[in-house]
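Accompanying notes for the structure given below.
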Amino acid sequence: WESFGDIGLTKIVKTTLSNSPDARHALLNIQQYRQQVIIARAPLLPGINISGDASRSEQHMPDRMGHETSTEVNNFGLLITAAYEIDLWKKIASSAEMARLALLSSEENLKTVYQTLTANVTRHYFEISELQLELPLWDQLLKLTALQANDAQRGYFNGLVDGNVYLTIQQREDRSRQDLFAARRRLSVLHFALNTLMGKEPAVPLSVTDFSNFQHALQAIPAGLPSKLLNRRPDVRLAALRVQSALLNIGIKRADLLPSLILTANAGYRSTDLSRLIDGGSTIWSIMGG
């Protein structure tokens with residue numbers, strides 16, 4: 001749109017892109033999918049969990065004489081657990097790739113939203129400019145047909161004009177009046193639509209450049225456009241990314257039918273005395289596979 005060199009059009013487009021709820025929603029989606037990429041890549045690394053616990057219990061036991069005695073037992077623990085799933089069937093890697101494709105899709109969706117908003121704003125802007133140029137012509141046509149209708153009416157009453165001719169001229173005046181009113185209504189609707197796209201009140205006045213100033217900036221579409229032009233369309237690229245994501249999802253669902261291998265390692269300390277918790281004799285560890 002900047003190729004037209006119109007300051008008003010450029011300002012309206014930029015205002016629309018910054019204020020549109022659709023554009024803000026698409027931007028928030030990109031932030032969401034960026035976080036999902038981080039979450040999806042996390043299982044590619046070992047998971048680390050650090051936990052600590054402390055407990056005190058009282059045990060009641062009878063002695064040899066049958067009297068009940070109580071003994072307090074302390075239990076302190078510090079444990080680090082590492083777990084890692086071996087990606088035998090590329091399930092985790094495919095999930096991470098799906099998240100990356102979803103992020104790329106959200107970026108293409110933002111471009112699609114920008115492109116659609118820009119096209120709508122520019123089309124409304126040009127239609128308003130064209131209607132403002134046409135309205136004086138519709139007004140002149142109505143005045144001309146009104147004069148013809150008056151002349152035909154006098155000629156009809158004086159017996160100089162045939163009744164069918166008089167009726168035809170009157171119908172032409174009515175059509176001219178309807179066309180003028182329709183153009184005015186169309187102009188009001190376009191004003192309201194353009195202000196709404198910009199996030200403003202519908203009835204706010206608009207300043208639009210004369211349409212005749214844009215004609216020199218229009219360029220003819222060259223013949224024989226290459227098929228590579230489709231790759232410039234964000235909605236086409238978005239559809240291609242969705243197909244890739246769907247194919248990856250098939251592989252993930254098939255991997256769910258196969259066994260998985262998870263390795264878990266524990267290391268830490270456990271003692272009945274807090275002061276002896278980190279002594280060598282309190283060390284515990286284990287390695288498991290499932």
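Report which label in [x] 224; [y] 148; [z] 357 holds the value of volume of the Cα convex hull per residue in Å³ derived from the coordinates of this structure.
Matching entry in [x] 224; [y] 148; [z] 357: [z].
Please check: in the Gaussian network model of the chain (C-alpha springs, under 10 Å), which one of S129, S207, S51 has the largest mean-square fluctuation.
The residue with the greatest mean-square fluctuation here is S51.
Distance in nm between label sites at Q31 and K111, each 7 Å beyond Cα in the beta-carbon direction?
The two pseudo-label positions are separated by 2.3 nm.
At a 1.4 Å probe, what is the % contribution of carbon and sulfur to the accessible area of region 131-264?
Percent of accessible area from carbon and sulfur atoms in region 131-264: 59.
Could you list which residues have their amide H under 5 Å from that of W89, counting only those 5 or more apart in sequence or on another chain, with H placed in the peptide plane?
For W89, no residues qualify.
Restricting to DSSP loop positions (anything but H, G, I, E, B) with no more than 16 other Cβ atoms inside 10 Å of their own Cβ, which trypsin sites (Lys or Arg not before Pro) remain in region 150-229?
K200
Name the residue, out of L88, L274, L247, whose mean-square fluctuation peaks in a Gaussian network model built on the chain with Cα pairs under 10 Å.
Ranking L88, L274, L247 by mean-square fluctuation puts L274 first.
Around V236, under 12 Å between beta carbons, what's the net of Lys plus Arg minus Asp minus Glu among the other residues?
Computed value for this residue: +4.
Do you know the relative contact order of region 150-277, to the nearest whole percent, from alpha carbon pairs under 8 angstrom that are 6+ apart?
It rounds to 7 percent for region 150-277.
With each pseudo-label sitting 7 Å past Cα toward Cβ, what's the S3-S227 distance in nm, one decimal?
2.5
Give the span of region 68-218's Cα atoms along each principal axis, as three whole-Å numbers ordered largest to smallest.
Extents along the principal axes, in whole Å: 132, 51, 31.
Given the Cα-Cα distance of S188 and A265 and 0.36 nm per residue of separation, how much length would full extension add, in nm?
20.5 nm
Quote to one decimal, in nm, the extra length available between L144 and R177 on full extension: 0.36 nm per residue of separation minus the C-alpha distance between them.
10.8 nm
Running a GNM on the chain with Cα contacts under 10 Å, which residue among A119, A146, A102 ends up with the highest mean-square fluctuation?
A146
The values are calculated or read from the model by the stated rules, or taken from the named source; none is laboratory data. Every value quoted in this text rests on a predicted model; they were computed, and no experiment measured them. Don't worry about glycine lacking a Cβ; one is built from the backbone with ideal geometry, like all the others, and counts go over all protein chains shown. To get the accessible areas, we keep the full protein, side chains included, count just its heavy atoms, and leave off ligands, DNA and RNA. Shrake-Rupley method; radii C 1.70, N 1.55, O 1.52, S 1.80 Å.
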